[in-house]
Amino acid sequence: MGPKKGAAAGGKAAKKAEEAARKAEEERLAFLAEQERLERERIEREEEEKRLAEEKRQWLEVEGRRLQEEKDDLFPLLQMRAHQLVVEEAGRREQEEWHNFLACTHLPDVRNDADLSTYITLWSTSCLWNMLGKVV
């Protein structure tokens, strides 16, 4: 009876070894299949990114040309508006100066640094003379 147990034990060990080898092979094949799948996905993702980058480049090129054409079409109008603005600003400034002249005010034009400086100097000296006149 002893030999039967050994033979049965040897058969079980062989089956376990075969089962372990089969599982190892299945795991190896599953790992390889997963690696191939990941590689395909990476390649597909790179191709999609390249396609999107090319579409974006083409869109930017078309949009750039459209904007340049629009700018070229509007350039004369913009120049005319800029000229009108300069003319209107000059007219407004002349009218404002005329109204200030007619108002006979002694206040300076705040846009002119020389007028402000002169006014402040005259004002401070007149205040000083007024104070000195009161003291004496």
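A few points about this structure:
- Size check on the stretch 16-57: the Cα extents along the three principal axes, sorted descending, read 61, 6, 5 Å.
- Summed residue charge, Cβ within 14 Å of Arg51's Cβ, Lys/Arg positive, Asp/Glu negative: -3
- Rounded to the nearest 10 degrees, the inclination of helix 2-103 to the longest alpha-carbon principal axis of the chain is 10 degrees.
- Under 13 Å, Cβ to Cβ, from Phe31 - net charge with Lys/Arg +1 and Asp/Glu -1: -3
- Summed side-chain charge close to Glu94 - residues other than Glu94 whose Cβ falls under 14 Å, Lys, Arg +1, Asp, Glu -1: -2
- Only lysine pairs 8 or more places apart, or on different chains, with alpha-carbon atoms under 25 angstrom apart are counted in the chain, and they number 8.
- Check: the chain dipole with +1 on Lys, Arg Cβ and -1 on Asp, Glu Cβ, in debye: 1560
- Accessible surface of the chain [probe 1.4 Å, protein heavy atoms]: carbon and sulfur percent: 62
- Taking all protein chains as they are arranged and a probe of 1.4 Å, the heavy atoms of Leu102 leave approximately 100 Å² accessible to solvent.
- Kirkwood Rh in Å, taken over the chain so that all alpha-carbon pairs contribute: 26.6
The values are calculated or read from the model by the stated rules, or taken from the named source; none is laboratory data. If you're wondering where the values come from, they're calculated on a predicted model, not measured in any experiment. Positions of Cβ are backbone-derived with ideal geometry, glycine not excepted, and every protein chain shown enters the neighbour counts. Accessible surface is based on the protein model in full, side chains and every heavy atom, while ligands, DNA and RNA are left aside. Shrake-Rupley method; radii C 1.70, N 1.55, O 1.52, S 1.80 Å.
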